[in-house]
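Q: My structure is below; once you've seen it, I'll send some questions.
Readers should treat all values here as calculations from the given coordinates under stated rules, not as data from a laboratory. Please read these numbers as outputs of a predicted model, since none were measured by experiment. Neighbour counts are summed over all protein chains in view; Cβ atoms, including those assigned to glycine, are modelled from backbone coordinates with ideal geometry.
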Amino acid sequence: MNDPADMIDAEGLIEAMVEIVGPEWVLYDPEETRAYASDALTAYREIPRVVVLPNGEEEIVAIVNICQQRQIPIVPRGAGTGLSGGARPIREGVVLSLARMNRILALDPEAAIAILEPGVRNLAISEAAFPHGLFYAPDPSSQIACTIGGNVNENAGGVHCLKYGLTLHNVLQVRGILSSGEVFECGGQTPDSPGLDLLPLLIGSEGMLMIVTEVTVRLLPRPTHAKVVMASFDSIETCAHAVAAIISSSLIPAGLEMMDQAATRAVEDYVHAGYDCEAAAILLVESDGSKTEVDEEIAEIKEILLLNGSRSLVVSETEEERQRIWSGRKNAFPAAGRVAPEYYCMDGTVPRRQMAPLLAHIAQLEKHYRLRCMNVFHAGDGNMHPLILFDGKIMGEWARAEAFGNAILEKCIELGGTVTGEHGVGVEKLDSLCLQFTDAEREVFHALKKVFDPLRILNPDKGIPSLRRCVEHGRKRVDAQKRLPTNLEHF
Amino acid sequence: MDGLVRDFTDRIREAEAGGGTLGIQGHGSRSFLCPSTAPILSTRHYQGVVTYEPEELFITVRAGTPLPELEDILDSKGQYLAFEPLRFGAGGTVGGMVAAGLSGPRRMRSGPIRDYILGIRILDGLGRELRFGGTVIKNVAGYDVSRLFGGSWGRLGLILDVTLKVLPKPRSSLTLVVDIEQEKALNWFKRARSQPWPLGASLFQGYTAGQLALRLEAGPEAVKEAFLAISKELPVKMMAPEEAEGLWRSLSTHRHAALKPDKEQAVPLWRFSLPPGVEPLAINGELLIEWHGGLRWWRGLLDPEALEALTHGHPGGVMPFDAHFASRNLSGQGTHQDKVRGRLDDGVLKVFDPFAVFSSG
């Protein structure tokens, strides 16, 4: 029997990979590589030439060196839970899965830090920190599965980032392999590190600058108490107004989430969280800390909500009840999957005061595109996740869903926001980025990529659209000033 | 203001075309850390608030705005800059504060200045006006360029305006003091890191023994609760509010007696940025320890070997707080990865300033 490797491995790439990681950690049979064809945004698919699962930095260096010599693109991959196609393979390239590198290398409760391999799951960090009274704060909704390496590359957020910050605010150091095969460490356990502060550039860089091999995170004292208030509103506007009222008080709630009626109804059918399905919108407001702190804040939150038009509210009295109320919000995406064959999740962010106008606009778009949309958002930071429901089997529905999504993102930019708050650009929002930045600004992005990855082998064609693409798609922000001729190369 | 931006652009393009350099300066309050011989490009007249939306928790402000003015504006709405910036003299400008990236006493609780940068508008070394980031807290479109400017000491370009995340001021603050040995104080922090106490700032002053001050900041009940819990571990006393304010202010304004320059300026003031858990340093004389152990100030003479031995393999952030501070900081002297780091830093600098117009800082 012919080994498929012989047929497709003209350059000996697979053989070279097998030599580095061993035969069981190299996948090339399309039956096996198909599982890696997309991340959680399954509309964008590609079967990769080969998937490699290294275990350790040395193996990664060897893989990178081979790819560098042969100019083969590498797409790094964690758990594949990304929502923007950032881990979609490149047909002629290598998918580098970091799933095997899942060890917690150190957890120091006295320094309140953990040193992790990139494949450690987000939730596993807090689980390991639990006995020490500590936790890792960023909690994206995929936290059971998503990995810290992926979190770093997407600057993942979650429901608690209003109070505790994003991945950026909770990572102290990142170590990785550049496309030159060199090791680079950025940040550190010292509060200041010399040189330019490149850490913010690496965090959220979607695998385009380096392959993350180690992450040092800071751990925070775990709050001993938490309570959530669920408040119902008769209109989206009143609900958005209540959000503004909470933020303008001196409170920073641990979580502040909003769901519209389409979302609460879908969720209630699915998990029976006890949501008020007659309300036009509901708000979940969480307080955490010590018992007195929580009681103090919850009393204040209740008062603000009632003063600002909440028609009824429920406060969780037990931890079980709190979990039940949150289970609805946390299951919003699967609930969408139950009411329609497929859903397309957007991630635009607008200033909080623009949430109601954006929702009104989305309601109009629903009619225009003849598709339903349910809305859940991280209201505390204006990050919206409209879920556009569609059926990919019906001719033209996916195209309509995509156009619907783009229209939402254009509106987000118009309202002073951004096309992606936490899911990343990936392949999905490349065209939207043409609108958000000028040619000169995108030139800077490309030039920065070139500094880290001069051969352009790390996740190329993701994250930042080429100048040509923006011209071809006719979607361009007008320059504030006429562009100057520069010596920067375009690619 | 547009006229000023045109002037800035013209001067940058002139310098670029003629192979000249420019040194960006606001009030010059930080120039003792980065003296420059280049012609000065002054931002001091480019001032004022562009947008302030307290309920959106951000303010966009021009680089030349005096820092105290910005703080007064925020204060009128019960908000503040949570990172408690380190300032000198009259306080300097907002642009200088961002470019220096120096945090004050609240650093360990709040994170560094760059964590609060949401967006930035700059003129790069080619005179191009560029905007990165925005006004919203969550934003992952494109690389996070705006935060690169924190601590860049003016080398990447001229900051025109910056959008900062602002927060409500803590509703109450209480400072506790206790006489304690240095070693015991540093060990106490190791335990305190896993306790849910609202520890906003700390200061140990002394040598092997001295005084530890702890600032609690939160709602009144939470502060009281933490006070009671800490009292069970350490015989702390409450410090009078005015005295406490003076103490923390002496740190954020760099006017504490132990930080003042000696008359001849012969003995350098060392700034040790270390992992907070590092043991007491084997050096003689008075120390100020901030950031729960992460920042230590000491005046004295040290040779390179003594320094290496002292800093437990973390020499990178340890340097005299003097005229070479900015350049040493940027060059990353003493780190273990000089080659790769140096190449990347140079590359990034060239992206923004290919003709080294701002190279002298």
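Q: Can you tell me the equivalent ellipsoid semi-axes for region A:340-414? Use √(5λ) from the Cα gyration tensor, largest first, whole Å.
A: The three semi-axes for region A:340-414 are 22, 12, 9 Å.
Q: Might you list the cysteines of chain A that have no disulfide-compatible partner by the rule of another cysteine's Cβ under 4.7 Å?
A: So far as the 4.7 Å Cβ criterion goes, A:C67, A:C146, A:C161, A:C186, A:C239, A:C277, A:C345, A:C373, A:C412 stand without a partner in chain A.
Q: Now a separate question. Relative contact order, percent, of chain A when contacts are C-alpha pairs under 8 Å separated by at least 6 residues?
A: It rounds to 14 percent for chain A.
Q: Using the per-residue mean of other Cβ atoms lying within 10 Å as a proxy for protection, in what order, highest first, do the peptides A:377-386, B:234-243 fall?
A: A:377-386, B:234-243
Q: Could you work out the local net charge near A:E293, counting Lys and Arg as +1, Asp and Glu as -1, over the other residues with Cβ closer than 14 Å to its Cβ?
A: Summing Lys/Arg as +1 and Asp/Glu as -1 gives -3.
Q: Once you've got the Cα coordinates, tell me which of A:K227/B:K237; A:K462/B:K350; B:K190/B:K224; B:K138/B:K224 are over 27 Å apart.
A: A:K227/B:K237; B:K138/B:K224
Q: log₁₀ I(q)/I(0) of region A:225-333 at q = 0.15 Å⁻¹, via Debye over equal Cα point scatterers, no solvent, to two decimals?
A: Those come out to -0.56, one per q.
Q: Now for a different question. Between region A:31-65 and region A:96-157, what is the separation of their alpha carbon centroids in Å?
A: Each part reduced to its Cα centre gives a spacing of 21 Å.
Q: Still on this structure: Nearest 500 deg cm²/dmol is fine: what mean residue ellipticity at 222 nm does chain A get from its DSSP H runs of n ≥ 4 alone, each adding -39,500 (n - 2.57), divided by its residue count?
A: So the calculated ellipticity at 222 nm is -10500 deg cm²/dmol.
Q: Quick check: pseudo-label points 7 Å beyond the Cα along Cα→Cβ at A:T292 and B:D338, how many nm apart are they?
A: Calculated label separation equals 5.4 nm.
Q: In deg cm²/dmol, rounded to 500, what helix-only [θ] at 222 nm does chain B give when every DSSP H run of at least 4 residues adds -39500 (n - 2.57) and the total is split over its residues?
A: Helix-only estimate at 222 nm: -8000 deg cm²/dmol.
Q: Let me ask something else about it. Per the Kirkwood treatment, what hydrodynamic radius in Å, one decimal, follows for region B:2-168 from the mean inverse distance over all distinct Cα pairs?
A: About 16.0 Å, per the Kirkwood formula over Cα pairs.
Q: Using alpha carbons only, how many angstrom separate the centre of region B:55-109 from the centre of region A:207-255?
A: Value for the Cα centre distance between the two parts: 24 Å.
Q: Continuing with the same structure: Excluding A:E117 itself, calculate the net charge of residues whose Cβ lies under 15 Å from the Cβ of A:E117, where each Lys or Arg counts +1 and each Asp or Glu counts -1.
A: So the environment of A:E117 carries a net charge of 0.
Q: In µm²/s, what is D for region B:131-211 at 10 °C and 1.306 mPa s, where D = kT/(6 pi eta Rh) by Stokes-Einstein and Rh is the Kirkwood radius from Cα pairs?
A: Translational diffusion coefficient: 93 µm²/s.
Q: Roughly what angle does helix A:319-330 make with the longest principal axis of chain A, taking Cα atoms, 0 to 90 degrees, to the nearest 10?
A: Between the helix axis and the principal axis of chain A, the angle is about 60 degrees.
Q: Here's a follow-up. Grab the other residues whose beta carbon is less than 11 angstrom from that of B:R87, score K and R as +1, D and E as -1, and report the net.
A: +1
Q: Could I ask something else about it? Sorted by average packing, counted as other Cβ atoms within 10 angstrom per residue and highest first, what order do B:20-27, A:407-414 take?
A: Going by the mean number of other Cβ atoms within 10 Å, highest first, we get B:20-27, A:407-414.
Q: Given H placed 1.01 Å from N in the peptide plane, which residues other than close sequence neighbours of A:L172 have an amide H under 5 Å from its amide H?
A: A:T216, A:V217, A:R218
Q: What average number of partner chain Cβ atoms lie no more than 10 Å from the Cβ of the residues making up A:103-114?
A: Per residue, the average neighbour count from other chains is 3.
Q: Another question about this same structure. Using a 7 Å offset from the Cα along the Cα-to-Cβ direction at both A:I144 and B:E305, what is the distance between the two label points in nm, to one decimal?
A: For A:I144 paired with B:E305, the spin-label model returns 6.0 nm.
Q: Based on a Kirkwood Rh over C-alpha pairs, give the Stokes-Einstein translational diffusion coefficient of chain B at 20 °C and viscosity 1.002 mPa s in µm²/s.
A: Answer, rounded: 99 µm²/s.
Q: Listing A:F184, A:F233 from the residue with the fewest other Cβ atoms within 10 Å to the one with the most, what is the order?
A: A:F184, A:F233
Q: When the convex hull of the Cα atoms of region A:104-221 is projected onto a plane and the area is averaged over all directions, what value comes out in nm²?
A: Averaging across all directions leaves 7.0 nm² for the Cα convex hull.
Q: I need the P(r) histogram for chain A: all alpha carbon pairs, bin width 10 Å from 0 out to the longest distance, whole percents.
A: Result, from short to long distances: 4, 19, 28, 27, 17, 5, 1, 0 percent.
Q: Kirkwood hydrodynamic radius, the protein assembly as shown, all distinct C-alpha pairs: what's the number in Å?
A: 27.9
Q: Roughly what angle does helix A:397-414 make with the longest principal axis of chain A, taking Cα atoms, 0 to 90 degrees, to the nearest 10?
A: Tilt of helix A:397-414: around 70 degrees.
Q: Please compute the average number of Cβ atoms from other chains found within 10 Å of each residue's Cβ in peptide A:393-403.
A: Averaged over the peptide's residues, the number is 0.
Q: Shifting gears a bit: Please report the equivalent ellipsoid semi-axes of region B:172-320, computed as sqrt(5 x eigenvalue) of the Cα gyration tensor, largest first, in whole Å.
A: Ellipsoid half-lengths, sorted descending, are 28, 18, 12 Å.
Q: Then there's this: For B:K169, which aspartates and glutamates qualify as cross-link partners when the Cα separation must be under 12 Å and same-chain residues fewer than eight apart are set aside?
A: By straight Cα distance, B:K169 reaches B:E71, B:D75, B:E84, B:E217.
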